[in-house]
Amino acid sequence: MSETTSRREVLREQLVRDAKAAARELILTEGLAGLTLAAVARRLGVTSPALYRYFDGRNGLVQAVYDELAGELTDALREAVERQDPDDISAQLHAATRAVMTWSVANRVAFDMLMGSSFRTAASEADVADVIPVRLGALFAKLFTRLYNEIGLKHPADEEIPPALRRQLEVYRLTLNPDLPLGVIYLMITCWRQIYGLVSMAVHQHMSFAFCNHDLLFDDMIDQLLALIGLRRSPRLRID
């Protein structure tokens with residue numbers, strides 16, 4: 001590779017990084033409606049057509065920012081799990097759940113884009129519909145798989161799950177672990193719908209007149225969810 005080609009590649013990579021950073025700042029300060037190629041180009045001092053060399057228009061920028069934010073959330077969960085003792089599944093599940101809430105409350109606009117009020121807009125413009133369900137789902141599925149294999153997680157039999165819901169669970173199971181019983185996937189979704197509800201409540205400060213701090217609700221929820229899957233809160237939990 002010649003020195004000229006190498007320098008051109010460095011400049012290209014820098015422009016891509018700067019464009020993603022500018023797009024992210026626009027989204028986080030003005031929402032998805034504030035993201036345009038023209039606005040990003042102005043911040044970089046380039047023309048809008050120049051950005052088409054590196055991104056598939058606005059949709060490409062939405063995709064890039066969404067993937068970056070999803071990666072940060074996933075990394076936060078993974079790091080929280082890795083801080084726990086490797087044999088303490090209760091602490092790992094607790095820490096991962098706490099990380100979802102902590103990150104989301106600290107990044108409210110990002111949460112809205114990933115899985116809140118702006119998600120449908122993002123999903124209509126970029127290929128993001130499966131990103132969070134698959135990335136977060138894979139992390140939790142790994143822990144539930146260990147619960148099932150190592151501890152013998154009790155779960156509903158297939159016939160105990162309504163047929164229409166079974167078909168939906170079968171679709172989701174294929175993206176996570178086809179070898180897990182449907183009942184285990186059912187327990188995962190049962191936990192997630194409560195987690196998502198409380199996280200949304202905390203992010204949007206819903207009912208803040210009574211629940212100005214959602215930690216007590218979180219503690220109550222985590223105890224119930226751990227009990228649902230046959231666990232108790234671990235005394236070895238490590239939370240930063």
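Computed quantities for the displayed model
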| quantity | calculated |
| --- | --- |
| Output for region 35-86, where each listed residue is of a type outside the set (A, V, I, L, M) and assigned to a loop (DSSP other than H, G, I, E, B) | Thr36, Gly45, Thr47, Tyr52, Arg53, Tyr54, Phe55, Asp56, Arg83, Gln84, Asp85, Pro86 |
| When residues of region 152-200 are limited to those that are under 29 Å from Phe111 (Cα atoms), over 18 Å from the mean Cα position of the chain (by Cα) and of a type in the set (Lys, Arg), the one surrounded by the fewest Cβ atoms within 10 Å (Cβ to Cβ) | Arg167 |
| Among (1) over 26 Å from the mean Cα position of the chain (by Cα); (2) surrounded by fewer than 16 Cβ atoms within 10 Å (Cβ to Cβ) - the single one Leu51 does not satisfy | (2) |
| Condition check for Gln84: touching a residue at least 12 places away in the same chain (Cβ under 8 Å), farther than 16 Å from Ser200 by Cα and surrounded by fewer than 21 Cβ atoms within 10 Å (Cβ to Cβ) | no |
| In region 149-193, the residues that are β-branched (Val, Ile, Thr) and within 21 Å of Leu136 (Cα to Cα) | Val171, Thr175, Val184, Ile185, Ile189, Thr190 |
| Those residues of region 112-134 which are among the charged types (D, E, K, R) and surrounded by fewer than 17 Cβ atoms within 10 Å (Cβ to Cβ), in sequence order | Arg120, Asp127, Asp130 |
| Count - residues of region 88-124 that are touching a helix residue (DSSP H, G or I) at 6+ places or on another chain (Cβ under 8 Å), farther than 18 Å from Pro235 by Cβ and of a type in the set (D, E, K, R) | 2 |
| Restricting region 201-240 to residues that are polar (S, T, N, Q) and in a loop (DSSP other than H, G, I, E, B), the residue that is surrounded by the fewest Cβ atoms within 10 Å (Cβ to Cβ) | Asn213 |
| Cβ-Cβ under 6 Å pairs, at least 6 apart or on other chains, region 120-135 side farther than 22 Å from Ala76 by Cα, far side surrounded by fewer than 17 Cβ atoms within 10 Å (Cβ to Cβ) | Ala123/Ala129; Glu125/Asn59; Ala126/Asn59 |
| Qualifying residue in region 134-151 (condition: of a type in the set (Ser, Thr, Tyr), within 22 Å of Glu68 (Cα to Cα) and touching a Pro at 6+ places or on another chain (Cβ under 9 Å)) | no |
| Residue within region 98-111 that is over 15 Å from the mean Cα position of the chain (by Cα) and either touching a residue at least 40 places away in the same chain (Cβ under 8 Å) or surrounded by fewer than 17 Cβ atoms within 10 Å (Cβ to Cβ) (or both) present | no |
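Bear in mind that the values in this text are calculations on the coordinates, not laboratory data. These figures come from a predicted structure and were not determined experimentally. Every residue, glycine among them, receives a Cβ derived from its backbone with ideal geometry; neighbour counts consider all protein chains shown.
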